[in-house]
Structures are given as structure tokens and as C-alpha cells.
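The values are calculated or read from the model by the stated rules, or taken from the named source; none is laboratory data. Quick caveat: nothing in here was measured; it's all calculated off a predicted structure. Cβ: placed from backbone, ideal geometry, glycine included. Neighbour counts: every protein chain shown.
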DNA sequence: ATATAAACGCAACTACGTTGCGAAATATAT
DNA sequence: ATATATTTCGCAACGTAGTTGCGTTTATAT
């Protein structure tokens, strides 16, 4: 087991205090978190703009991915892929400006509960590429968003309504 | 061929001036439009809040569907299904508060161009998943968002950059 | 014709995210 | 080690999409 710091170093990514803190928070959550969710887990003093920028940076470097929820806010989740053997960016290289990174090809499906608002990564559910997509359209990524009721809320009794994730 | 007004009447939906105007605009567009896009096609005097409310109403009554784009804004598109033989709501019935309506089961895929921002409905592309969604999760709808380059922008020369749809 | 309900128009407001810019921290060169 | 350049950080102000409250207008029911 490596620390976030070590993983960053080995991957050639500059680990700052902020980046490590945010990565730590995201690494511990099994479901995608909103900006707010994350901020709540960070020290009071953590600047919200810095968080936006760190998330941006983690995105472009393939450490995390984000999903658009039904409520028009992004949710962020750590990538389970190992960075070390794929990342080529160096400390002093200019990072790509594009937010689509090479690692983020792992496009699995996401599920958002219509009751409690929580989002889940369905790591095993992948889109099957159909050849129905019109030619001349170049596909970069396929996103699957499933809506319905999650394990907790599907139960007939005492649905879990969590206002934190609305 | 029916007019929007006739279709609404037959479906038991109250057609107001605003609703007909908005429906008219949406019916003429082959791609999903943002709130801004639509507003631009309406008379100057048309109130933006009214537009939001009309869109809401069209949604709950299954006349249109909406898709979340990469830019956190909704895009609206008319449903190709015929309303007349499916809609049961009456003038004086209380409409369902939920925005998931019965007609909107037609979940086809959507494609958003990363270059010009335009969104396309791929009516023939339907969700296909590699694996089964975990039991205990109740699925209401599956949304597929494909990102890449559209017909126009995939061409090597003179990519079509339309700032209106960014 | 009068009462009731739905739709509309306007202003103010909320939430998420972005931009600009100076200060602090970190890296690079001499 | 010191000076210079680059990156990151923190704060304030801004932008945009969408919402809420409320009074007015329009449509429907008796």
C-alpha cells in the first residue's frame, strides 16, 4: 500500500498539501462527492476556490473522474486505476489543457437515487459500444447515467432520505 | 398533420399561447436546445421565467425531454412519440408532481460535440450494458451521453465552431 | 355575473462555478 | 546560498442557470 504522496511522486505529479488532503478525502469515500460534500470533510480554513482548482487538476491528471448529476452539480470520485504505470506527465512538463485525460477511459456506469440523491459507481457495468452510432461521429467517451431507487431506498420501509446528498 | 394546438387538445392538455409558441420552436429544431437557444427564437417580450415554467410543464406532460450537457445546462428536445393515444391527463386533473413521466421511456442516446458544443439525439442508439445492474437497485431510466466530435467538426478542414451552442 | 383556479410577469434571490490579481510558496538558475 | 522565475494559494468580485414570492391577468366553473 502506498500513500497518496508516494503515488503522486512516482507518477511525476507534484503533491501539494491541498492536493493530498483532497485526494485523501476522495479516496475514503465509496461514492462520488459533490464540491460541498468534500468541503465539509476538509479543515474549516480550506478555501473553496482552491478546492475547485485542485479538483480541476486532479481531473486533468486522471486521478479522479466526475459525473453530472440530475441536480446540475458535479460529483467527483477517485479512479481505481493505478497511476504509476500510466502517467507520463513530469513535474516540469506542461500539462494538457484538455480535461479529457487518457486514464479516464474506464467509463463505468453511474446510478443516482431519485429518493436520497446519492450517487453510486457501478464499476462492473460498462457501456457496450454499438456500431449504430452514425459514422462521421468520432466517439471519445460514453457516459451512462441510471436513475432509480438505490438499495436503501428501494426497501419498502423507512427509506433513507439524506438531505446532504440532495 | 396536426397543429400543436390540436395535438394538445386531443391529448387533454391545456394549450396556452406560451405553450404553443415554445412547442412550435422546439418542434422545428432537430437538435436539443438550451433555454437560451429557445428564448432567442421567441418574441423579445417573452418572459424567461415563463419559459422555465412552460418547459417544466412540457416535461411533466411528456411533450419534451431534457438532457444534461457537459456545461451543466439542460437541453430540451421534442418527443417524437405521438401524444394522442398515450396521454391521459385531463384539463382539471392534478398533474403528477414528479418530472419522470410515462412517455419518456424512449431513452435514446445523446451525443454532444466537444468542439462546437452542439447536441444530437441518436434516436436509433439504445443502451446496451455489459453487466447486470446490481439487484435491489430499481431502475427507472437509463441515460446515455456520448462525447466526441460531430459530423461537421470531425472533418479535418474548417471545423464548425458555433459559439451559440457552447 | 361572480367565485375559483391556473398561468403570467416582474423582481429578488440562491447555488455552482469562474476570473483577476496580489501574496505566498516552491522550483530553477547562477 | 541568493536571486529569479514559476506555480499555487487566498480573497473578492463576477457570471450564469435556475428558483421563489407575490401581485396581476386570464381562463374555467357555478
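Number of residues in region B:26-59 that are outside any helix (DSSP H, G or I) and either over 27 Å from residue B:70 (Cβ atoms) or within 13 Å of DNA strand C (Cβ to nearest atom) (or both): the value is 6. If you go through region B:9-25 and pick out every residue that is out of contact with any helix residue (DSSP H, G or I) (no Cβ under 7 Å at 6 or more places or on another chain), surrounded by 16 or more Cβ atoms within 10 Å (Cβ to Cβ) and part of a helix (DSSP H, G or I), you end up with 2.
When you scan region B:8-19, do you find a residue that is more than 14 Å from every other protein chain (Cβ to nearest Cβ), farther than 25 Å from residue B:123 by Cα and away from DNA strand D (no atom under 13 Å from the Cβ), even just one?
yes
Checked against (1) within 13 Å of DNA strand D (Cβ to nearest atom); (2) modelled with pLDDT under 75, residue B:32 meets all criteria but (2). Within region A:135-149, the residues that satisfy the criterion of being at the interface with chain B (Cβ under 7 Å from one of its Cβ atoms) and part of a loop (DSSP other than H, G, I, E, B) are A:136, A:137.
Of everything listed in (1) modelled with pLDDT under 95; (2) surrounded by fewer than 20 Cβ atoms within 10 Å (Cβ to Cβ); (3) in contact with a strand residue (DSSP E or B) (Cβ under 8 Å, 6 or more places away or on another chain), the single unmet condition for residue B:78 is (2).
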